[in-house]
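**Student:** I am attaching a structure below and will ask some questions about it afterwards.
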Amino acid sequence: MIETLEQVEERVEDDLSATDLLALARDRKAAEDQAAAELLEVAARWADLHPPESIHSAAAFTVPGCEGEEPIAGEGCPLVAEFCVAELGAVLGISSTAAKKLIGHALELRHRLPRLWAQVQSGRVPSWRARLVAETTIHSSPALTMDAARWIDGQVAAVAGRIGTAQLDRLVAETIKRFELADPDPAADPEDGYLSVDPRHVTVNKEDVHYAGTLHVEADLDIADALDLDQALSHNAAAQKALGSTETLDVRRAKALGDLARTQTALDLFSQGHGTGHGEDGLPAAREVVVHAHFDASVVGEQTVFGPTGRMENGQRLVLLDQVTGWCGDSRTKVTVKPVIDLNVELSTPAYEIPDRIREQIVLRDRTCVFPWCTRPARRCDVDHVVEFDHDAAAEGRPQPGPTATHNLAALCRYHHRLKTHSAWTYRMVAPGVFEWTSPHGHRYRRDRTGTSRIDERDPPERP
């Protein structure tokens, strides 16, 4: 039997050999895998306890750019009540979206990938590998039938889940071809099922802003297009070097891609404006993105001095003042300056509708949706009356219980706004920007500008 680290230390504090530590590491990893497998089982059983009242109240994923939705698991899996997801996510300390994925993966594995599910529960396949397969089969386009999913299950289970993402993509493409799930592509080679699925895409990950002020761009292009792009970037990077740039090749290629985007945008704007540009070359500014950056400022004499670092609202990442200065100095950049709003001032209006100035104050104060562990940016959220606005109070001569005022407003994403309105979740503001939530099962959470923490259930709730 392998001893725990505490037992080993108690036995002989200085007797921690390399063999002991390796054995302990292996034991801990096995325990971690077992716990992850058990968590999948718990998620599936949680789903069993919460069937939806109708298909319209079932949990689903919204599809960007579309009005439709995707189910959290594939054809043949039971539906799950959408609001039960938030309770499980909060208990686990993860977002509702992450909890939705966990439940979906558990159902997909149990109902459509049963061999892989059995391997996970027996410890032969780690949970993370199985979930990678489940994520792929759930969101395959076109959707996989039960028979198609079972065929993939047999192929993956045969190698005990040891399959990479590229192999998995090809396996799914082959399955789509084998089960005739998509209309045949006349340009595809009939001997190559992989070509029947067009993998071309360009994805700009706007949610993950690096501290250096960069975004990740990923693309799959037609071979000819990719070679053309590579040549254009190489030529531009070489031109920058010839003009005296001392930056690395990677940086110059990245700047070249931005130059291509701005040049094309400028040409488009110039064409639309019939040549009435504002620059020296007759072209208007190409970069017209509003960047919400927040810097601490102090007044020295009659001059306002900004700190060297600030926070980008998009991505909640640090940004350097020198970076922002550089963006503003670009001749093709249109700079938009937003008025400063004091977050400590109480703003209010007698109306139900929220004026832009109050909305902006709430967005800046809350930063994200204020539901526990939710990270959706506040600028894309609804502004909710914490205490419901009474539309009849003024007409009946009663004081307004839920005023449209800073102390009674909070940023909630659409999902958690609906959750608060239509379920037993409740919350209140105990200080400016500080919220306490209580779940239907009595779990309590505190959310402030630093994040979310659990409130000890033994502590009595604070009184407003």
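**Student:** Less than 14 Å Cβ to Cβ from Glu108, Lys/Arg counted +1 and Asp/Glu -1: what total charge do the surrounding residues give?
**Tutor:** In short, +3.
**Student:** Could you sort 89-102, 223-236, 426-439 so that the peptide with the highest average Cβ count within 10 Å comes first and the rest follow in order? The partial results should precede the final answer.
**Tutor:** Values: 89-102: 20.1, 223-236: 12.6, 426-439: 16.7.
Packing proxy ranking, top to bottom: 89-102, 426-439, 223-236.
**Student:** Where does the charge balance sit around Leu257 when Lys and Arg score +1, Asp and Glu -1, over other residues with C-beta under 12 Å from its C-beta? Please list the in-between numbers first.
**Tutor:** Details: positive: Arg252, Arg253, Lys255, Arg262; negative: Asp230, Asp250, Asp259.
Neighbour charge sum, excluding Leu257 itself: +1.
**Student:** Given H placed on each backbone N at 1.01 Å, which residues far from Asp382 in sequence or on other chains put an amide H within less than 5 Å of it?
**Tutor:** For Asp382, the qualifying residues are Leu412, Cys413, Arg414.
**Student:** Next question. For a quick protection proxy, order the peptides 109-117, 141-149, 243-251, 384-392 by their average other-Cβ count within 10 Å, most packed first. Kindly include the intermediate steps, with their values, before the conclusion.
**Tutor:** On the way: 109-117: 23.2, 141-149: 17.3, 243-251: 10.3, 384-392: 14.8.
Ranked from most to least packed, the peptides come out as 109-117, 141-149, 384-392, 243-251.
**Student:** Mind jotting down the distance between the C-alpha centroids of segment 221-262 and segment 57-122, whole Å?
**Tutor:** 42 Å
**Student:** If you add up the charges near Leu233, with Lys and Arg at +1 and Asp and Glu at -1, over every other residue whose beta carbon is less than 15 angstrom from its beta carbon, what do you get?
**Tutor:** On the way: positive: Lys241, Arg252, Arg253, Lys255, Arg262; negative: Asp225, Asp228, Asp230, Glu247, Asp250, Asp259.
Taking every other residue near Leu233 into account, the sum is -1.
**Student:** Let me ask you something else. Can you give me the long-range amide H partners of Arg376? Hydrogens built in the peptide plane at 1.01 Å from N, cutoff under 5 Å, separation of 5 or more residues or another chain.
**Tutor:** Result for Arg376 returns Cys369.
**Student:** Per residue of segment 100-117, in order, report the coupling 6.51 cos²θ - 1.76 cosθ + 1.60 (Karplus, θ = phi - 60°) as ³J(HN,Hα) in whole Hz, putting x for Gly and Pro.
**Tutor:** 4, 5, 4, 5, x, 4, 4, 5, 4, 5, 5, 9, 10, 10, x, 5, 5, 4
**Student:** If we sort 21-31, 42-52 on the protection proxy, mean other Cβ atoms within 10 Å, highest first, what's the order?
**Tutor:** Values: 21-31: 12.3, 42-52: 16.9.
The densest-packed peptide leads the list: 42-52, 21-31.
None of the figures in this text is laboratory data; all of them are computed from the coordinates on show. Since we're looking at a predicted model, the values are computed, not measured. With ideal geometry, Cβ positions are generated from the backbone for all residues, glycine too; neighbour counts draw on all protein chains shown.
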